[in-house]
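The values are calculated or read from the model by the stated rules, or taken from the named source; none is laboratory data. This structure is a prediction, so every number in the text was calculated from the model and none was measured. Cβ sites come from the backbone with ideal geometry, for glycine too, and all protein chains shown count toward neighbours.
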Amino acid sequence: MQTLGLALMGTGRMAHVYGPKINAHPGLRLEVIYNPRMTSAEKAAGQYGGCAMDDLDAVLANPKVDAVVIATPTDTHVDYIEAAARAGKPIYCEKPLDQSLERVDRAMAALDAHPVPFMLGFNRRFDPDNAALRAAVKRGEVGRLTMLMSWSREPSPPPIDYVRASGGYFVDATIHDIDLICWIAGERPVEVMAAGSCMFDARIGAEGDFDMTMTTLRMPSGALVHINNSRSCAYGFDQRMEVFGDKGMVQTLNHRDDNLVRWDKTRTVAREPLKHFFLERYDQSFYNALDEFHAAVTTERNPSASAQDGRAALAIALACSQSAKTGSAIKPDYEQCLRE
């Protein structure tokens, strides 16, 4: 197996997700951990290995760095994409590509000018359950697809500083559901209608954001999509999907540490709590996503979850946000995507 030396860009939460996954993969080697603050880079390197570096130009000029994994704050993604593309380094980038379509188009222009393999980290595509659901749809198990539904409810609201920088609930969270739905259905909505409310954390409402949303997408085929999201869920990380067609239905179910169902004289249908959060529920998906990136780079094929997919998901998420604020149905801005 060909081994790729990686530079892990960033030392925040997502970098701590990817560090162990890189080390676990037989075809990946953590060569560099980069942060402009050297102390942070050194601390992460002490945990996961690799050389700590705070000079971006030196990182990208390092001959041992074959590709980069961008796990930095969203507002830095485009700058790092441009720099890595100019250096000829394949790129794996956390979602979203950016919070604005204009900056996404700038990143895509850089990738056009300096073609390198690029993959966006829509990790939920690589969850085994979600992948199996899509495969069932592609095999025709449900027949003609008529309805798709997604439930995504988080255990508790994030810190308010995170909310302020997130780009809004649709861009931060619903974008995962949007990408999955489009990937499963094989089409993108022509119109969105969304509503939002703030029921759990008044500070989120004070920022002009929502902690509970419902979204309807209308697909070109006529299929309808329902997505419901909540930033609070008393019973854990609620993650389910359902596809319904004229021949049947396929669902994914929540994950638990123990899936046994217990019956006795004091209880019926007693089960363990749900997985706590995305780090536990989607743990395998991050490894699978890196495995897909490795395979794409080493076999010289286009990675799945492209920049075009990222732009489309952002366009839909922004349309949802506009719809929730105006109460009107909105058509997503696919202009750049349609030119691809």
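What pairs come out if I take residues in segment 5-21 that are modelled with pLDDT of 90 or more and pair them with residues that are among the small types (Gly, Ala, Ser) whose C-beta lies under 6 Å away, six or more apart or interchain?
Leu6/Ala67; Leu8/Ala15; Gly10/Ala71; Thr11/Ser40; Thr11/Ala44; Ala15/Ala71; Tyr18/Ala71
Residue-by-condition table, conditions (1) under 17 Å from Val250 (Cα atoms); (2) surrounded by 18 or more Cβ atoms within 10 Å (Cβ to Cβ); (3) touching a Phe, Trp or Tyr at 6+ places or on another chain (Cβ under 9 Å):
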| residue | (1), (2), (3) |
| --- | --- |
| Arg103 | no, yes, no |
| Arg125 | yes, yes, yes |
| Arg134 | yes, yes, yes |
| Gly140 | yes, no, no |
| Arg144 | yes, no, no |
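So which strands (runs of 3 or more DSSP E) are wholly in segment 58-144 and hold at least 2 residues that are in contact (Cβ under 8 Å) with a residue 60 or more places away in the chain and over 12 Å from Gly310 (Cβ atoms)? Spell out the reasoning first.
On the way: elements: 67-70, 91-94, 118-121.
Counting at least 2 such residues, we get 67-70.
Considering every residue within segment 31-43, establish whether at least one is modelled with pLDDT of 95 or more and among the small types (Gly, Ala, Ser).
no
Could you say which residue among Val78, Val69, Val17, Val65 is buried (at least 18 other Cβ atoms within 10 Å of the Cβ), assigned by TED's automatic domain parsing to the domain that holds Ala107 and more than 24 Å from the chain's Cα centre (by Cα)?
Working: Val78 fails: more than 24 Å from the chain's Cα centre (by Cα); Val69 fails: more than 24 Å from the chain's Cα centre (by Cα); Val17 fails: more than 24 Å from the chain's Cα centre (by Cα).
Going through Val78, Val69, Val17, Val65 in turn, the sole match is Val65.
Give the residue that is farthest from Phe286 (Cα to Cα), with candidates limited to residues of segment 1-39 that are of a type in the set (Val, Ile, Thr) and not in a strand (DSSP E or B).
The initial filter retains those residues of segment 1-39 that are of a type in the set (Val, Ile, Thr), namely 3, 11, 17, 22, 32-33, 39.
From the residues that got through so far, the ones that are not in a strand (DSSP E or B) too are 3, 11, 17, 22, 39.
Working: Thr3: 18, Thr11: 16, Val17: 8, Ile22: 10, Thr39: 26 Å.
The residue in question is Thr39.
From the list Met214, Met219, which one is closer than 15 Å to Ala324 by Cα and at pLDDT 95 or above? Show your work before the answer.
Details: Met219 fails: closer than 15 Å to Ala324 by Cα.
One residue alone meets the criteria, Met214.
Which of the residues belonging to segment 145-194 are assigned to a helix (DSSP H, G or I) and among the charged types (D, E, K, R)? Working first, answer last.
Residues of segment 145-194 assigned to a helix (DSSP H, G or I): 160-165, 169-185.
Passing the criteria: Asp161, Arg164, Asp172, Asp177, Asp179.
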